[in-house]
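For reference, the structure discussed in these notes is given below.
What follows is calculated from the coordinates using simple rules that are stated; it is not laboratory data. This structure is a prediction, so every number in the text was calculated from the model and none was measured. A quick note on method: Cβ atoms are made from the backbone with ideal geometry, for glycine too, and the neighbour counts reach across all protein chains shown.
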Amino acid sequence: MDEDKFKRLKRPRYQMPDFINEALIERGLMETYQKRPAYQQNDYIGWITRAKREETISKRLSQMLDELDSNDTYMKMPYRPKGQPSKKRP
């Protein structure tokens, strides 16, 4: 990971657990994840790991993977990667 982009985080930085790392690699989404801003990467990890129940952890991990796969959503909000033109509405 590009450590420089994490220097400006104002929140505590969360370390990526092995199960999240493995899920990103398995789904082929590590590059997409790493292209996201540092705050998004950190927020996803913190949000997933703060869950207490296994069911909630699994649900949040699935949401993150689906959002990365579509690459147009962040925490159920519209997201547009830097440099990507906005989608025109009909």
### Query
Does anyone have the angle between helix 38-49 and the longest principal axis of the chain? Alpha-carbon axes, 0 to 90°, nearest 10?
40 degrees
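Output the relative contact order of region 13-78, whole-number percent, from Cα pairs under 8 angstrom with separation of 6+ residues.
Numbers: 39 pairs, mean separation 20.8, N = 66.
The normalised contact order for region 13-78 reaches 32 percent.
Using the Kirkwood radius over C-alpha pairs as Rh, can you work out the diffusion coefficient of region 13-78 via Stokes-Einstein at 10 °C, viscosity 1.306 mPa s, in µm² per second? Walk me through the numbers on the way to the answer.
Working: Rh = 11.8 Å.
D, rounded to a whole number, is 134 µm²/s.
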#### Entry: DSSP-assigned coil residues among trypsin sites (Lys or Arg not before Pro) in region 1-64, each with at most 10 further Cβ atoms within 10 Å
7, 8, 10, 52, 53
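Roughly speaking, what is the stretch gain from residue 52 to residue 13, that is 0.36 nm per residue apart minus the C-alpha to C-alpha distance, in nm to one decimal?
Values: separation 39, 0.36 × 39 = 14.04 nm, distance 1.91 nm.
Stretched out fully, the residue 52 to residue 13 stretch lengthens by 12.1 nm.
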### Task
Give the angle, between 0 and 90 degrees and rounded to the nearest 10, that separates the Cα long axis of helix 54-70 from the longest principal axis of the Cα atoms of the chain.
20 degrees
